[in-house]
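Colleague: Sharing a structure with you now.
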Amino acid sequence: MKFSYSWLCEHLETDKNAIEIGDALTNIGLELESLSDYSLYSKFVVATIKDFKKHPNADRLNICKVDDGTDTYQVICGANNVKRGLKGIFAKDGMYIPGTQIHLKKGKIRGEISEGMLLSERELSLSDDHEGIIELSEDFKNGTSAIEALKLDDPIFEIGITPNRGDCLSIRGVARDLSAKGMGKLKPLKFEKIKKLEFESPISWSIKNDDNSCEYVVSRYFKDVYNTKSPEWLQKKLISIGLRPINALVDITNFITVDLGRPLHVFDADKVGKKLNMRLANSKEKILALDNKDYTLDGNSTVIADSNNALAIAGIIGGDYSRCTENTKNVFLEVAIFNPNSVAKTGRSLGINSDARYRFERGLDKNMVFEGLEYASYLINKICGGSVSKSIDAGKLDTNEHKIKYDFKYFNKVIGLDLEPQTQVKILNDLKFQINERIENVCDVLVPSWRNDVKNEIDIVEEIIRIYGYDNIKVSTPFSSEDEINNIENSIVNKKFKTISKLKKNLVSIGISEVITFSFHSNRAQEILIGDASLKISNAISDDQSFMRNSMIFNHLESAELNFKKGIKNIKLFEIGPIYNSSQSQENILSLLISSQDNTNSIYKSVNFNFYSLTEIVSKLISSLNFDIKKFNISRSTSNIYHPGQSAKVHMGKKLIARYGKVHPLIMEEFPKLKNTYAIELFFENLPIESLSKVNSINISDSQFQFSEKDFSFIFEKEQNLYEVQRYVTGIDKNLIKNVEFFDLYVSKDLGDSSKSVTFRVTIQSKEKTLEEKDLEHLHKNILEKVSNKFKAKIRT
Amino acid sequence: MDIKKVLKEATKEIELSSNQLNLQNIKVAYLGKKGRITELLKSLKNLSLDEKKSVGAELNQLRSEVDNLIKSKFNEIKVEEINSMLKNESIDISFPPPNSISPKVHPISKTFDEVISIFGSMGYSVAEGPDIETDYFNFSALNIPENHPAREMQDTFYIEDKDKDGKPFVLRTHTSPVQIRTLLKEKPPVKIIAPGRTYRCDSDSTHSPMFHQVEGLFINKNANMGNLKGTLIEFCKQFFNVQDLKVRFRPSYFPFTEPSAEMDIAYEIANNKIKLGQGDLWLEILGCGMVNPIVLENCNVDTKNFQGFAFGMGLDRITMLKYGLTDIRSFFSGNLNWIANNGFSIGDF
């Protein structure tokens, strides 16, 4: 909310300056967002254009002789309102121009010296006006400071009001809160009640209160008014806070909205019927509002209507048809209490953000109804003349005062500060809360009518500390207890985060960078990767972010493409984050993408990345999590993300641990620039967390006796899983067989389509002795027999 | 006897020899089974005892001299051969390496780690909750009723799927629902932080539709607002690595805390850079407050006996402040150059 210092002082008698007021506002929770500071402007002075002539080298420029009262300067000026005798605001060489954020520098413009500048409003940051230079009244003496000439001695505050503080959406409310903080004394409202209410209002009210949306309405009829421009004091006030003056009647309602926080509405009485009512809108009822937009209402919105038409959307915006113009002769003033919930609902569904809605939905001071009515009547009568009717009302104003039981000790317990009851009572009284029926430390607190946000005992505590000052709360830091340290050590989530950090370190150490991408999928990704359709975001910002992702691969391909376009040829990236299978199933996984161009560097030769390079990474990752990939079940992956012939999935029992392989060519068609692209998805949350967080739990046997190696070649069925073979061979003699490593694959026509020949090397070593030839021969024979029997494999010689 | 002659000839031949094979032949010719020196030694048996003694000594002397000469020539040749091999094997060591992106950990990860560790040292364990939340957990349970203006403070993404109350699921607008989930699951005392992804429909250089927050919650019999201040000041000192830290707590409003506060850190601008800790300008760092008893009651916590505080801060924001980063959108762009420039090596992680 915006207001000027002088306006505030109409409600607050204070000896504090603007900076002190600004600090106090922030300290009581009305955060100062900006305070205009014009001290800089004292250097700009009033000056006269004594003479000017056309610039010889530029049509649009003039060479002006400018007198600032002490000296005469040559100024090149491009404004179209340059004329002899014009008084403007002058800035000299070296001065900082706030609107353009540059320091002026004496120099030549198209060959002619310019020693300063005549300023526009925009250059002074006063408005967006750049139509010409500022023109001042001739009364100002040259050399007068701009602050005086432009009346910039009235600082403007802009404060942020939190949604609970509807009471401070008025200058009076702000003044009231400042006075409780000791920043001054609240002045009484100064207006006179209309003494002669001469006639009965010809228009009457009824409330069809189907939705309790209107509690009370009161009105007066103004006859024979003369609606004209507002007086200067009113126009200036509105301009100072950024509102545009329209005509006296409209300006008066805007003024009271800001001054008292009491929205009101004026109808042109000749444009409305004699019987007005508050009712729910008919379904699809239309109204052209004051903002010149057509709104279609539904049955949940309350309207103000006559027997024919809806005239206004209650508490939100008036209608165009019945608005007051300069031709308005008779006026009907409406002051009502609307239900905050229904105003909020209607305002949101229609998307109207008006000053009235803003205040109604935050709750009004119900006791302000009559002050608003009287103040508006006074101003209308004073400015527009005419005569005023008696009041006409409908409904019943419920001003039940709210009472809260309060224990003074509760404050001390919550805040950690011993504050004497009398100090607390003083603060509450300053805030106009009344203390009743106090028995020792317990009392009843009566909440003032404007504070409908204060409902519970804790809210009283907040009020007291807010005024007492958060700075006065003593700081004490609770450190960890033994129980808490145990909790952390046993926390599964802590262990998981440790595991995640470990994975990140391992991945970076093998040359893979971490990225973080949005949790979203584009329409296209959703289509290709077939995610859950109910995970569509109803109000997505763009088509690129319209679903929740069920995989990170698409995001990573997009990122790879972006990096490729930046000239990065070998892209290796990973992300650890959530994917979403349904609205109630989210899991954190590791997703890794490697996309590499063929290596054409004849000096830095490296083997091109392939599926087996990927297998090595998967195996290392799994072993960094204290598991051995060889102990899991590995089979071909059926996921549509991957190339069916070059991908695998890893299971532990029924749980999926990993999927990896070459990305499916159909997906890669979306990314034609990327070649040779592989991905790994590690579902680490499916591994038992206890094992993950252990340190070094893999046991590798170590022996000092001589080892022996022997190669075996077998012809297996083509789909024979070699992990199985490896596991089986290792199991033939766990004490002696130390390692089984595959190193050759042979497929040929002679073997047939359904067979493959595979060679592996078995490392044999005992922990107890150097093995003799006969022990070895026995074991070799055993391996040959058992493997050929178990897998129906032929021994190849 | 021609011992001297033999020595002279052998010395010359060894001298001239230039490779290992040739030298081996020389060795056989003199010291082999039928070599000249061996033959001479064999012929000793025909001599008298006295001659045997003197000639034998001379011959043995000869044999060992020749043997030594061969051995030292062997070494000489070997060194020469290795030297010439080294020369052949020399390559151009001046090829600059191909450019490669230096792999780094994302700055947000570093912040996650630090936040978990700093609060860990104060006794906070980590908790978590889902990104796709129910309206109840994200709003109502936190005392943000429907139609309340506070709902508009946080422009919410909605999902088409509906929860069991028939309301669309939301993308959590803050990490605060983890407070509710934790309190419904665990009995106080509770001391947790919950870092994670959060979402609001907003996109510019300081707002991203997805961002990160960390929630803190401490409920026990007497956790008070002084403790809250102390905890957060301690965190900021450690996180921003500024011991002499000027801070300000000012009243604010969150429906789920009462009293509520926002914490600002003082800063100044020196050499076009933000310097945190001192100065006359203020930067908002986080929101916090005493947990509103309404929220505790929603979680079936006995408010006669338990109270406490909560806080929430933007992790992207504190990361940007700490490292002087300006555009939040670059955090999530997947740009590897950006990561290489702004991320962290393993040693710094």
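Colleague: Scanning the stretch A:532-558 for residues that are within 25 Å of the chain's Cα centre (by Cα) and hydroxyl-bearing (Ser, Thr, Tyr), which turns out farthest from the other protein chains (Cβ to nearest Cβ)?
Modeller: Step by step, filter the stretch A:532-558, then rank; the result is A:546.
Colleague: Do you know which residues across the stretch B:270-318 are in contact with a strand residue (DSSP E or B) (Cβ under 6 Å, 6 or more places away or on another chain), over 24 Å from residue A:470 (Cβ atoms) and free of Cβ contacts under 8 Å to residues at least 24 places away in the same chain?
Modeller: Correct list: B:275 only.
Colleague: Quick check on the stretch A:600-649: of everything there that is within 14 Å of another protein chain (Cβ to nearest Cβ) and of a type in the set (S, T, N, Q), which residue is nearest to residue A:506 (Cα to Cα)?
Modeller: A:624
Colleague: Right, next: I'd like the residue in the stretch B:206-244 that is in a loop (DSSP other than H, G, I, E, B) and more than 23 Å from residue A:548 (Cα to Cα) and, out of all such residues, is nearest to the other protein chains (Cβ to nearest Cβ). Steps first, please.
Modeller: Taking the stretch B:206-244 and keeping what is in a loop (DSSP other than H, G, I, E, B), we get B:206-209, B:221-224, B:241-244.
So of that shortlist, the ones also more than 23 Å from residue A:548 (Cα to Cα) come out as B:221-224, B:241-244.
Numbers: B:221: 10, B:222: 7, B:223: 7, B:224: 3, B:241: 17, B:242: 16, B:243: 14, B:244: 15 Å.
Among those residues, the one meeting the criterion is B:224.
Colleague: Among the residues that make up the stretch A:25-47, is at least one of them assigned by TED's automatic domain parsing to the domain that holds residue A:114 and of a type in the set (Val, Ile, Thr)?
Modeller: yes
Colleague: Check every one of the helices (runs of 4 or more DSSP H) wholly within the stretch B:286-349 and list those with 1 or more residues that are under 26 Å from the mean Cα position of the chain (by Cα).
Modeller: In the stretch B:286-349, the matching helices (runs of 4 or more DSSP H) lie at B:315-323, B:336-342.
Colleague: Determine whether residue A:495 is in a helix (DSSP H, G or I), of a type in the set (Lys, Arg) and in contact with a helix residue (DSSP H, G or I) (Cβ under 6 Å, 6 or more places away or on another chain).
Modeller: Details: in a helix (DSSP H, G or I): yes; of a type in the set (Lys, Arg): yes; in contact with a helix residue (DSSP H, G or I) (Cβ under 6 Å, 6 or more places away or on another chain): yes.
Yes; evaluated as a whole, the condition is true for this residue.
Colleague: Taking the stretch B:200-231, which residues are surrounded by 18 or more Cβ atoms within 10 Å (Cβ to Cβ) and over 13 Å from residue B:290 (Cβ atoms)?
Modeller: Across the stretch B:200-231, the qualifying residues are B:200, B:201, B:208, B:209, B:210, B:211, B:212, B:213, B:214, B:215, B:230.
Colleague: What is the one condition in (1) assigned to a loop (DSSP other than H, G, I, E, B); (2) closer than 29 Å to residue A:7 by Cα that residue A:131 does not satisfy?
Modeller: Failing condition for residue A:131: (2).
Colleague: Cβ-Cβ below 6 Å, separation at least six or inter-chain, first residue in the stretch A:261-288 and closer than 24 Å to residue A:368 by Cα and assigned by TED's automatic domain parsing to the domain that holds residue A:207, second assigned to a strand (DSSP E or B) and acidic (Asp, Glu): which pairs?
Modeller: Taking only residues 6 or more apart or on different chains, the pairs are A:265/A:334.
Colleague: Condition test on residue B:163, is it within 22 Å of residue B:256 (Cβ to Cβ), charged (D, E, K, R) and within 30 Å of the chain's Cα centre (by Cα)? Spell out the reasoning first.
Modeller: Numbers: within 22 Å of residue B:256 (Cβ to Cβ): yes; charged (D, E, K, R): yes; within 30 Å of the chain's Cα centre (by Cα): no.
For residue B:163, the condition - within 22 Å of residue B:256 (Cβ to Cβ), charged (D, E, K, R) and within 30 Å of the chain's Cα centre (by Cα) - is not met.
Colleague: Starting from residues that are facing another protein chain (nearest Cβ under 8 Å) and more than 26 Å from the chain's Cα centre (by Cα), keep the ones in the stretch A:511-531 and report whichever is nearest to residue B:341 (Cα to Cα).
Modeller: So the residue we want is A:513.
Colleague: Separate question: Among (1) under 16 Å from residue A:45 (Cβ atoms); (2) touching a residue at least 60 places away in the same chain (Cβ under 8 Å); (3) charged (D, E, K, R), where does residue A:115 come up short?
Modeller: The number of the failed condition is (2).
Colleague: If residue B:177 meets every condition in (1) at the interface with chain A (Cβ under 10 Å from one of its Cβ atoms); (2) at pLDDT 95 or above; (3) within 35 Å of the chain's Cα centre (by Cα) apart from one, which number is that one?
Modeller: Evaluating residue B:177 over (1) at the interface with chain A (Cβ under 10 Å from one of its Cβ atoms); (2) at pLDDT 95 or above; (3) within 35 Å of the chain's Cα centre (by Cα) leaves (1) as the failure.
Colleague: OK, next. Only one of A:307, A:349, A:322, A:377 is within 14 Å of chain B (Cβ to nearest Cβ) and either over 19 Å from residue A:285 (Cα atoms) or not in a strand (DSSP E or B) (or both); which?
Modeller: On inspection, the qualifying residue turns out to be A:349.
Colleague: Scan the stretch A:62-91 and report the pairs whose first residue is hydroxyl-bearing (Ser, Thr, Tyr) and whose second residue is crowded, with 22+ Cβ neighbours inside 10 Å, with Cβ atoms within less than 7 Å and a gap of 6+ or a chain change.
Modeller: From the stretch A:62-91, the pairs are A:72/A:66; A:73/A:66; A:73/A:116.
Colleague: Residues of the stretch A:559-598 being farther than 24 Å from residue A:622 by Cβ, within 7 Å of chain B (Cβ to nearest Cβ) and within 30 Å of the chain's Cα centre (by Cα), which ones?
Modeller: A:559, A:562, A:563, A:580, A:583
Colleague: Within the stretch B:159-173, which residues are out of contact with any Lys or Arg (no Cβ under 9 Å at 6 or more places or on another chain) and either away from chain A (no Cβ under 11 Å) or outside any loop (DSSP other than H, G, I, E, B) (or both)? It would help to see each step written out before you state the result.
Modeller: Our first condition is that a residue be out of contact with any Lys or Arg (no Cβ under 9 Å at 6 or more places or on another chain); within the stretch B:159-173, this holds for B:162-167, B:170.
Matches in the stretch B:159-173: B:162, B:165, B:166, B:167, B:170.
Colleague: Something else now. Among A:619, A:693, A:624, A:708, which is without any contact (Cβ under 8 Å) to a residue 12 or more places away in the chain and surrounded by 14 or more Cβ atoms within 10 Å (Cβ to Cβ)?
Modeller: The match here is A:619.
Colleague: Oh, and also: Look at the stretch B:129-158 and say how many of its residues are outside any loop (DSSP other than H, G, I, E, B), under 28 Å from residue A:453 (Cβ atoms) and in contact with a strand residue (DSSP E or B) (Cβ under 7 Å, 6 or more places away or on another chain).
Modeller: Here the count works out to 4.
Colleague: If I filter the stretch A:666-685 for residues that are under 20 Å from residue A:596 (Cβ atoms) and in contact with a His (Cβ under 6 Å, 6 or more places away or on another chain), do I get at least one hit?
Modeller: Among the residues of the stretch A:666-685, not one is under 20 Å from residue A:596 (Cβ atoms) and in contact with a His (Cβ under 6 Å, 6 or more places away or on another chain), which makes the answer no.
Colleague: Can you tell me which residue within the stretch B:155-169, out of those that are surrounded by fewer than 23 Cβ atoms within 10 Å (Cβ to Cβ) and under 24 Å from residue B:317 (Cβ atoms), is modelled with the highest pLDDT?
Modeller: B:156
Colleague: Limited to the stretch B:79-102, what total is found for residues that are in contact (Cβ under 8 Å) with a residue 12 or more places away in the chain and either facing chain A (nearest Cβ under 10 Å) or surrounded by fewer than 12 Cβ atoms within 10 Å (Cβ to Cβ) (or both)?
Modeller: Total satisfying the criteria: 2.
Colleague: Considering each of A:722, A:666, A:656 in turn, give the residue that is under 30 Å from residue A:750 (Cα atoms) and either surrounded by fewer than 12 Cβ atoms within 10 Å (Cβ to Cβ) or without any contact (Cβ under 8 Å) to a residue 60 or more places away in the chain (or both).
Modeller: Residue meeting the stated conditions: A:722.
Colleague: While we're looking at this one, here's another question. Which residues, taken from the stretch A:389-426, are within 30 Å of residue A:196 (Cα to Cα) and assigned to a strand (DSSP E or B)?
Modeller: Hits for the stretch A:389-426 are A:389, A:392, A:393, A:394, A:395.
Colleague: Name the strands (runs of 3 or more DSSP E) wholly within the stretch A:620-681 that hold at least 1 residues that are over 40 Å from the mean Cα position of the chain (by Cα) and on the phi < 0 side of the Ramachandran plot?
Modeller: A:633-636, A:642-652
Colleague: Consider only pairs whose beta carbons are under 9 Å apart and that are at least six residues apart or on different chains; among these, list those whose first residue lies in the stretch B:184-213 and is in contact (Cβ under 8 Å) with a residue 60 or more places away in the chain and within 19 Å of residue A:492 (Cα to Cα) and whose second residue is hydroxyl-bearing (Ser, Thr, Tyr) and assigned to a strand (DSSP E or B).
Modeller: B:191/B:125; B:192/B:125; B:193/B:125
The values are calculated or read from the model by the stated rules, or taken from the named source; none is laboratory data. Everything quoted here is computed from the prediction, not taken from an experiment. Heads up, the Cβs are rebuilt from the backbone with ideal geometry, glycines too, and the neighbour counts pull from every protein chain shown.
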